[in-house]
Amino acid sequence: DAGVIQSPRHEVTEMGQEVTLRCKPISGHDYLFWYRQTMMRGLELLIYFNNNVPIDDSGMPEDRFSAKMPNASFSTLKIQPSEPRDSAVYFCASSFGGGGNQPQHFGDGTRLSIL
Amino acid sequence: EDKVVQSPLSLVVHEGDTVTLNCSYEVTNFRSLLWYKQEKKAPTFLFMLTSSGIEKKSGRLSSILDKKELFSILNITATQTGDSAIYLCAVDNYGQNFVFGPGTRLSVLP
């Protein structure tokens with residue numbers, strides 16, 4: 001079975017540029033999560049969706065970040081404009097059922113470097 | 001504020017040793033606690049615990065939850081170099097969100 005697929009795997013760009021991260025969840029999963037991981041702050045939940053609807057975006061750091069899920073098989077996380085402090089690994093995860101009823105399956109992440 | 005604390009943050013042992021990793025939590029509406037192993041890439045699921053006192057076991061790994069004292073432990077017996085990873089504890093506060101701890105970085109030396 002295909003797992004959660006994220007693209008790109010690596011992204012290096014200059015500050016001020018728009019960055020778009022993509023995620024394809026596991027087919028049939030109704031929850032999708034976006035996380036950010038840094039050495040300083042560990043793993044942080046940014047936003048999660050249930051049936052394509054954003055449920056909690058309180059973890060989104062500021063207005064420069066936005067996420068969409070236009071359909072059950074695709075989500076994007078956009079940063080505009082990007083800043084060096086946005087450099088991190090961004091993970092997408094999906095699950096069938098919310099929260100801890102079922103474990104979340106993580107993608108391999110996108111390593112983002114903002115110069 | 002919901003929080004998850006893990007200890008130790010870092011641990012170095014030799015192959016064959018037994019280790020115990022700790023996770024304590026404070027959340028408003030606990031539903032479950034999950035353990036993940038993160039090597040080079042994404043976290044991979046190990047255990048999900050919902051009831052106190054029931055040990056979950058998978059090979060050399062085992063975990064138990066104490067909902068009264070608000071903590072969980074993850075035991076690894078006869079450690080191997082392949083067990084070297086960051087072990088993450090996460091708590092679900094009833095679908096509000098997931099709260100992850102900072103992780104324990106385990107290094108197993110040959």
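We did not get these values from a lab; they are worked out from the coordinates using the rules stated. Because the structure is predicted, anything quoted here is derived from the model rather than measured. Neighbour counts are summed over all protein chains in view; Cβ atoms, including those assigned to glycine, are modelled from backbone coordinates with ideal geometry.
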Review point. On average, how many beta carbons from a partner chain sit within 10 Å of the beta carbon of a residue in A:37-47?
Key: 3
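Local charge sum around residue A:50 (other residues, Cβ-Cβ under 10 Å, Lys/Arg +1, Asp/Glu -1)?
Computed value for this residue: -2.
Counting only other residues whose beta carbon sits under 15 Å from that of residue B:76, what net charge do I get with K and R as +1, D and E as -1?
Value of the local net charge: 0.
Take every Cα-Cα pair in chain B and report what % of them are more than 17 Å apart.
Working: 2974 of 5995 pairs.
Across chain B, Cα pairs with separations above 17 Å total 50 percent.
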**Study point:** Residues with amide H under 5 Å from that of residue A:87, placed H, sequence gap 5 or more
**Key:** A:114
Check your understanding: Near residue A:87, within a Cβ-to-Cβ distance under 11 Å, what is the net charge of the other residues, with Lys and Arg +1 and Asp and Glu -1?
Key -> 0
Review point. Peptide B:12-19: average number of partner chain Cβ atoms within 10 Å per residue?
Key: 0
**Study point:** At most 15 other Cβ within 10 Å, DSSP loop - GluC sites (Glu not before Pro), the range A:1-59
**Key:** A:14, A:18
Check your understanding: What base-10 log of the normalised intensity I(q)/I(0) is obtained for the protein assembly as shown from the Debye formula, alpha carbons as equal point scatterers, at q = 0.16, 0.18 Å⁻¹?
Key -> -1.11, -1.32
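Taking 27 Å as the cut-off for C-alpha to C-alpha distance, list the pairs among A:24/B:56; A:68/B:41; A:68/B:67 that go past it.
Working: A:24/B:56 31 Å; A:68/B:41 24 Å; A:68/B:67 36 Å.
In this structure, A:24/B:56; A:68/B:67 lie more than 27 Å apart at Cα.
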Review point. Residue by residue through the range B:68-81, which ³J(HN,Hα) values in whole Hz follow from phi under the Karplus form 6.51 cos²θ - 1.76 cosθ + 1.60 (θ = phi - 60°), with glycine and proline marked x?
Key: 6, 8, 6, 8, 9, 10, 10, 9, 10, 9, 6, 4, 10, 4
Study note, to complete from the structure: Gyration tensor (Cα only) of the range A:19-115 to equivalent ellipsoid, semi-axes in Å sorted down, yields 22, 14, 12
Check your understanding: Among the aspartates and glutamates, which have Cα under 13 Å from the Cα of residue B:3 when same-chain residues fewer than 8 positions away are ignored?
Key -> A:44, B:26, B:92
Point to revise | Neighbour-limited loop hits for GluC sites (Glu not before Pro), chain B (at most 10 other Cβ within 10 Å; DSSP other than H, G, I, E, B) | key: B:1, B:69
Practice item. For chain A, with a Gaussian network of springs between Cα atoms less than 10 Å apart, report the residue from A:59, A:16, A:42 with the top mean-square fluctuation. Key: A:42
Revision key, fill the gap. Sorted on mean Cβ neighbours within 10 Å (highest first), peptides B:56-66, B:41-51 come out as B:41-51, B:56-66
Practice item. Per residue of A:108-115, count partner chain C-beta atoms within 10 Å of its C-beta, then hand back the mean as an integer. Key: 1
Point to revise | Nitroxide proxy distance, nm - points 7 Å out along Cα→Cβ at residue A:17 and residue B:44 | key: 3.3 nm
